[in-house]
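Just below is one structure, and these are the notes that go with it.
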């Protein structure tokens, strides 16, 4: 290697070799990367020639390259190591070298460095992630590991480091009913369902005679004793494990049908989140709903009714709870009122005030503050909050003034 050591900002070297063979066959050459600093991505000029330039040596550390020389009958190899040193006096990045986030979740990382940096940069960002003013933030869209090149600059030069960002799957989320039933001396078949690419399942507490397929999540077999069994099931993926608890009823004959026990009247508001849980006695294994207003959904496994209603009015909703012994039916009187007027609430905490409000869909919100109601110059605290039907919270940490007033500005998207 020429030279064997490199000091940034020089980030390229010449690799050269003098080769000869013992036969008259033509020699072929191939340079390859053996070891490099984490996240480094050297680039060869001519990988198949004995002499080549390798560039993009941005990260300090040891780089080892391997030259393979071969003909049709013989082969030999040799390693060459190059040491890349940082720019003298350049910033040294001190923020963590690794971070992780769940795909689709918000992420934020602040670059820090010694040596009085005057600016930062970041490159090779994954989809959904952006860089601004020393901060890497956003919502990653793809699962995997990405090496992000960090840079910090001062008057002496630029210091580099690598951030290994791992974007993980969410933990497994169970989607099957938490209750299953069967008959003694009869083949039983129930499959545990989970989202987010589960790779294995395990269970404890299964009824005698039943087994769990660790790959598919299918519980099969024949039980000869009957009874009610509390079963613990674990679903695992590349991120970790989720535990859920199931009930398996094995009946010795006809048993009781469900009876709906949840309240039969409920109220919600258009453009605001709604949630209602059907409950029933005697171990229902599934639920059914008829007559929901637009914007509401239901989960047949859990009996949950949820969503954001888009219409107003009074609705007669049919609820059903089912097990192998029969079906219970009841009517839910559901009232969906017009959207409520904007309201902002405040609560004090040690370092300021928490301001909360219901952010309706199809609206945008801003929070402003003032120290005098007669002053028309209101100052922004938070703006452009897009309504999602849920309660939003804005914290005001700068509350040195003896009196502070707040108002909520509502607009269209």
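Bear in mind that the values in this text are calculations on the coordinates, not laboratory data. From a predicted model like this one, the values you see are computed outputs, not experimental measurements.
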Could you tell me, in Å, what Rg and Dmax come out for the Cα atoms of segment 77-229? 25.9, 81
Run the numbers on the chain and let me know its relative contact order in percent, using alpha-carbon pairs under 8 Å that are six or more apart. 9 percent
For segment 287-356, what is the convex hull (Cα atoms) projected area averaged across all directions, in square nanometres? 7.4 nm²
For segment 214-283, just run the numbers: alpha carbon Rg, then divide by 2.2 N^0.38 Å, N being how many residues it has. 1.64
Once you order the gyration tensor axes a ≥ b ≥ c over the Cα atoms, which shape class does segment 163-306 get: rounded for a/c under 1.5, otherwise prolate or oblate by comparing a/b with b/c? oblate
Percent antiparallel among DSSP beta bridges confined to segment 181-297, nearest 5, equals 90 percent
With both bridge residues required to lie in the chain, what share of the DSSP beta bridges run antiparallel, to the nearest 5%? 85 percent
If you take the square roots of the eigenvalues of the alpha-carbon gyration tensor of segment 1-117 and sort them as a ≥ b ≥ c, do you get rounded (a/c under 1.5), prolate (a/b over b/c) or oblate? prolate
Paired Rg and Dmax values of segment 24-89, which use every Cα atom, in angstrom: 14.0, 53
Whole number please: convex hull volume per residue, Cα atoms of segment 62-155, in Å³. 142 Å³
Where does the chain land on the Kirkwood hydrodynamic radius, alpha-carbon pairs, in angstrom? 28.1 Å
Where a ≥ b ≥ c are the square roots of the eigenvalues of the C-alpha gyration tensor, would you call segment 257-411 rounded, which needs a/c under 1.5, or, failing that, prolate if a/b is larger than b/c, or oblate? prolate
Share of antiparallel DSSP beta bridges in segment 42-190, in percent to the nearest 5? 90 percent
